[in-house]
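Beneath this line is the structure, given in structure tokens, with notes to follow.
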């Protein structure tokens with residue numbers, strides 16, 4: 001039996017109803033490789049391949065899979081790629097309806113009933129952690145058995161929709177073989193965020209052979225905007241330090257990978273495990289550089305010093321806001337002092353401190369943005385990523401929006417990506433706030449030309465928001481009477 005796991009093509013832009021947003025895909029889906037390794041280790045009669053088709057044209061990718069003629073196709077369904085994922089499966093099955101289609105991933109896990117009711121070309125949905133469920137499903141299909149009700153963690157439709165119940169989480173993640181690559185997908189990966197700020201062996205980060213790894217699943221924190229717990233749960237499960245070091249050594253020695261992106265939600269929760277991973281990298285003299293993401297509550301000087309010795313050159317803190325009110329509203333459970341200390345501690349130990357920020361959280365206003373800017377001035381992080389609060393299914397903010405009739409489940413039947421949270425503030429106000437954050441980093445990093453540009457944009461948007469007078473270098477001064485209503489009343 002032939003199984004094709006597919007990273008589908010994706011357009012460079014998606015529409016969220018307000019603007020075209022650029023979406024850059026950097027790394028291939030690790031989940032597909034974990035499915036492949038586990039299924040291949042359990043079922044000898046199947047041939048499982050991963051197809052990285054991200055850079056293909058849509059029709060070209062569809063034809064490639066049709067020509068490969070697999071018995072089963074498996075795809076990961078992300079919320080902002082759901083429509084393209086559905087279109088891809090439909091296109092393949094319109095030519096060969098005998099192919100069994102299997103969907104997994106965050107969006108499919110949260111919305112299985114809606115998907116099965118509205119997209120009849122999807123045969124099965126694997127819910128949550130998929131390795132064991134997917135392998136058992138393939139075994140049944142290979143053996144031509146139909147008792148799928150006995151497989152935990154599965155959703156499918158017969159005369160009605162059947163959800164077989166939750167599968168218990170695997171506590172020891174070493175039970176899942178880490179990804180192996182017969183053909184390394186290096187052509188997909190270009191990571192240039194640290195170019196100019198860090199060099200490895202006198203080369204830019206974007207010149208290094210790169211791969212992401214995941215060393216744990218789950219997150220103990222309960223941020224209202226995050227869907228991680230809906231997929232992995234709040235209990236954190238780990239790979240052992242030896243297993244992680246072994247994978248990094250494999251990537252470095254076999255595939256010449258020099259830059260590792262650790263994509264755990266919070267890598268530094270277990271201090272001893274972090275020390276053991278770092279010690280293993282040092283003892284084995286594995287010559288790589290790496291980055292990770294984490295929560296500011298989970299680090300200290302001793303840990304950061306050891307991480308630096310082991311090759312860590314940058315750390316991304318999920319901060320979101322510097323306002324105590326906002327941090328409380330989104331259940332972030334961190335303080336201003338913890339943010340400032342985490343940034344300064346990373347810098348003191350020679351690690352680049354970057355932070356993630358959001359505007360438009362519940363309770364956001366001019367005062368809370370000013371408080372965020374004050375924290376930035378105290379902490380002085382190297383750089384940041386910023387955006388508007390976006391609503392994803394499976395989050396607490398989404399449940400609140402459903403309850404308040406701000407959004408309905410049927411929204412996800414459209415082809416639009418996840419909507420911004422504009423219940424309290426208009427989109428244009430969000431752009432003004434974003435420009436304030438941009439200007440902080442631009443001025444700090446002495447990029448005065450861009451700083452002037454965004455300051456002018458901030459001034460222009462303020463006039464537009466408050467008066468309806470639109471300033472444009474190309475079209476001069478325009479007056480739009482309905483400007484406020486257009487931005488304040490637009491529905492999702």
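The values are calculated or read from the model by the stated rules, or taken from the named source; none is laboratory data. Note that this is a predicted model, so its numbers are computed, not measured. When we count neighbours, we look across all protein chains shown, and the Cβ atoms used for this are built from the backbone with ideal geometry, even at glycine.
For segment 252-261, check the following and say yes or no: at least one residue is within 30 Å of residue 376 (Cβ to Cβ), free of Cβ contacts under 8 Å to residues at least 60 places away in the same chain, outside any helix (DSSP H, G or I) and assigned by TED's automatic domain parsing to the domain that holds residue 223.
yes
Collect the residues in segment 424-448 that are surrounded by fewer than 16 Cβ atoms within 10 Å (Cβ to Cβ) and under 24 Å from residue 393 (Cα atoms), keeping them in residue-number order.
Across segment 424-448, the qualifying residue is only 424.
Quick check on this structure: which one of 320, 371 is at negative phi and at pLDDT 95 or above?
Sole residue among the options that is at negative phi and at pLDDT 95 or above: 371.
For the subset of segment 186-209 comprising residues that are within 22 Å of residue 78 (Cβ to Cβ) and in contact with a helix residue (DSSP H, G or I) (Cβ under 7 Å, 6 or more places away or on another chain), which member is surrounded by the most Cβ atoms within 10 Å (Cβ to Cβ)?
191
Could you tell me how many of the residues in segment 218-242 are at pLDDT 95 or above and not in a loop (DSSP other than H, G, I, E, B)?
Residues meeting the conditions: 4.
Residue 138 passes all but one of (1) surrounded by fewer than 21 Cβ atoms within 10 Å (Cβ to Cβ); (2) in contact (Cβ under 8 Å) with a residue 12 or more places away in the chain; (3) within 13 Å of residue 72 (Cβ to Cβ); (4) in contact with a helix residue (DSSP H, G or I) (Cβ under 8 Å, 6 or more places away or on another chain); which number fails?
Here residue 138 meets the rest and fails (1).
Output the residue which, of all residues in segment 268-279 that are without any contact (Cβ under 8 Å) to a residue 60 or more places away in the chain and surrounded by 20 or more Cβ atoms within 10 Å (Cβ to Cβ), is farthest from the chain's Cα centre (by Cα).
First, the residues of segment 268-279 that are without any contact (Cβ under 8 Å) to a residue 60 or more places away in the chain: 268-276, 278-279.
Next, only the ones that are surrounded by 20 or more Cβ atoms within 10 Å (Cβ to Cβ) stay: 268-269, 274, 278.
Working: 268: 18, 269: 19, 274: 22, 278: 25 Å.
By that ranking, first place goes to 278.
Report the residue count in segment 349-370 for those that are in a helix (DSSP H, G or I) and surrounded by 19 or more Cβ atoms within 10 Å (Cβ to Cβ). Can you show your working first?
Going residue by residue through segment 349-370, those that are in a helix (DSSP H, G or I) are 366-370.
If we keep only those that are surrounded by 19 or more Cβ atoms within 10 Å (Cβ to Cβ) as well, we get 368-369.
Of the residues in that region, 2 qualify.
Can you name the residue in segment 409-418 that is within 30 Å of residue 368 (Cα to Cα) and touching a helix residue (DSSP H, G or I) at 6+ places or on another chain (Cβ under 7 Å) and, of all such residues, is surrounded by the most Cβ atoms within 10 Å (Cβ to Cβ)?
Checking each candidate, the answer is 418.
What helices (runs of 4 or more DSSP H), lying completely within segment 270-339, carry at least 1 residues that are more than 28 Å from residue 401 (Cα to Cα)?
Per the criteria, 271-283, 301-309.
Filtering segment 47-97 down to residues that are more than 19 Å from the chain's Cα centre (by Cα) and assigned to a strand (DSSP E or B), which residue is surrounded by the most Cβ atoms within 10 Å (Cβ to Cβ)? Reasoning before the result, please.
We begin by selecting, within segment 47-97, every residue more than 19 Å from the chain's Cα centre (by Cα); these are 47-51, 56-74, 86-97.
Okay, now just the ones that are also assigned to a strand (DSSP E or B), so 47-51, 72-74.
Details: 47: 11, 48: 24, 49: 16, 50: 23, 51: 19, 72: 23, 73: 24, 74: 28.
For segment 47-97, the residue satisfying everything is 74.
Any residue at all in segment 239-261 that is at negative phi and within 16 Å of the chain's Cα centre (by Cα)?
Here is the first cut: in segment 239-261, the ones at negative phi are 239-255, 257-261.
Now narrow it down to the ones that are within 16 Å of the chain's Cα centre (by Cα): 261.
Looking for residues that are at negative phi and within 16 Å of the chain's Cα centre (by Cα), one finds at least one in segment 239-261, hence yes.
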